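The values are calculated or read from the model by the stated rules, or taken from the named source; none is laboratory data. Since we're looking at a predicted model, the values are computed, not measured. Don't worry about glycine lacking a Cβ; one is built from the backbone with ideal geometry, like all the others, and counts go over all protein chains shown.
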Ligand code: ADP
Ligand code: MG
């Protein structure tokens, strides 16, 4: 599977008069698990949506792999995204939910079957392929949502608070699952959360954001032990 690095330089994004990101720089290595951590409203989703091509940028550049995708359509960016609210198709089976996007993209049926089978196996959904979303638990539904992204075989996976609608027990289980998936695929993952535990357990590196600015970008250990400023210390809950 393809593994892409992501390079963001001098990114500017605003909504009307509101400047959300100004001259933001971020480099994500191929195969890295990077977590964007910060309080609600700090610009995490804006940054992720910009990488996905879902909002227009006012300035700067976004590169994925060796391509400048700043103005590329979402489908041409080599990314797949998992959202917080996983809108599964209620009338379709799990199998159809997983294969629908590939069908639309006219992927050959044999290839669809093999990708769906592989994703189902990785996410332990094989026994559930003929069920409908209403017959699944919250955690199983979210695994289907992750599976829908997986079958796209993207170079970069983007997650926007995928676990925040689940209870603590399920969040803990799925954290393990996502971590395992990353180890197995070796794909680049950019994961947005406001949950410190999630960030500390999942990340190779954490970018702590506040007010549209990356306050510190470091390994979980460093962020926790050597916070760059008071905001990082208080937000991550470290002793300093
Ligand atoms: P986070 O994901 O960290 O909670 P967001 O990226 O959603 O934060 O939002 C950052 C800021 O941009 C907030 O002040 C939010 O109100 C504003 N914002 C986000 N999307 C829009 C939009 N489509 N129109 C206007 N303002 C927006
Ligand atoms: Mg958000």
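A few notes on this one:
- Those residues of segment 153-164 which are more than 18 Å from residue 6 (Cα to Cα) and either in contact (Cβ under 8 Å) with a residue 40 or more places away in the chain or surrounded by fewer than 21 Cβ atoms within 10 Å (Cβ to Cβ) (or both), in sequence order: 161, 162, 164
- Condition met for residue 175 (farther than 26 Å from residue 65 by Cβ and away from ligand 2 (no atom under 16 Å from the Cβ)): yes
Yes/no matrix, rows are residues, columns are (1) near ligand 1 (Cβ under 10 Å from one of its atoms); (2) assigned to a loop (DSSP other than H, G, I, E, B); (3) touching a helix residue (DSSP H, G or I) at 6+ places or on another chain (Cβ under 6 Å):
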residue: 22; (1), (2), (3): no, no, no
residue: 39; (1), (2), (3): yes, yes, no
residue: 42; (1), (2), (3): yes, yes, no
residue: 46; (1), (2), (3): yes, no, no
residue: 55; (1), (2), (3): yes, yes, yes
residue: 61; (1), (2), (3): no, no, no
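- Taking first residues from segment 42-60 that are closer than 8 Å to residue 13 by Cβ and more than 12 Å from ligand 2 (Cβ to nearest atom) and partners that are at pLDDT 95 or above and in a helix (DSSP H, G or I), the Cβ contacts under 7 Å between residues at least 6 apart in sequence or on separate chains come to 55/46; 55/49; 57/50.
- Residue in segment 71-78 that is under 14 Å from the mean Cα position of the chain (by Cα) and assigned to a strand (DSSP E or B) present: no
- Residue that is farthest from residue 190 (Cα to Cα), among those in segment 200-213 that are surrounded by 19 or more Cβ atoms within 10 Å (Cβ to Cβ) and within 16 Å of ligand 1 (Cβ to nearest atom): 212
- Residue match in segment 31-49 (condition: within 19 Å of the chain's Cα centre (by Cα), more than 29 Å from residue 233 (Cβ to Cβ) and modelled with pLDDT of 95 or more): yes
- When residues in segment 25-45 are screened for being surrounded by 15 or more Cβ atoms within 10 Å (Cβ to Cβ) and farther than 23 Å from residue 3 by Cα, 3 of them pass.
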